[in-house]
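K.L.:
Structure below; questions to follow.
Every number in this text was worked out from the coordinates using simple rules, so none of it is lab data. For clarity, every value in this text was computed on a predicted model and none was experimentally measured. Here Cβ is always computed from backbone atoms with ideal geometry, including for glycine, and neighbour counts include all displayed protein chains.
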Amino acid sequence: MKSAIHIAISLAALTVSTSSLAGDVKAGASVAQSCIMCHGEKGLSSMAGTPSIAGQPEMYLASQLRDFRDGKRHNEVMSLMAKPLSDADIDNVSAYFAQFEIELKKR
């Protein structure tokens, strides 16, 4: 019984934390214009050393951007790019890039 309660509480917390992101994809498309030069159209990078971010989980993208903005994670370019972003900008651009589906094919 005790473990069932712990599971229910954990699931409720997970639902609350993920639903609080849900950025605006349309607004994120506008913010994403400054990302496309390096990360590529729809987040598919063709630059060596620059990751593709399309299809990454929204929560992950938002966390990484906040870490760059807040100085918890350092990269010369990303730290500068993330610095002026508001929380809403980060949520929106994260939703934008998370919306894309990536399909892996075996060669």
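K.L.:
How would you order 83-89, 32-38, 94-100 from highest to lowest mean count of nearby Cβ atoms within 10 Å?
P.N.:
94-100, 32-38, 83-89
K.L.:
Could you tell me the relative contact order of the range 23-98? Use alpha-carbon pairs under 8 Å, at least six residues apart, and round to a whole percent.
P.N.:
Computed over the range 23-98, the figure is 46 percent.
K.L.:
Just tell me which lysines come within less than 23 Å, Cα to Cα, of K72; anything on the same chain fewer than 8 places away is out.
P.N.:
Cross-link targets: K83.
K.L.:
Let me ask another. Net charge near A62, counting Lys/Arg +1 and Asp/Glu -1 over other residues with Cβ under 9 Å of its Cβ?
P.N.:
Neighbour charge sum, excluding A62 itself: -2.
K.L.:
Counting other C-beta atoms within 10 Å, and keeping those with at most 11, which DSSP coil GluC sites (Glu not before Pro) do you find in the range 31-107?
P.N.:
E101, E103
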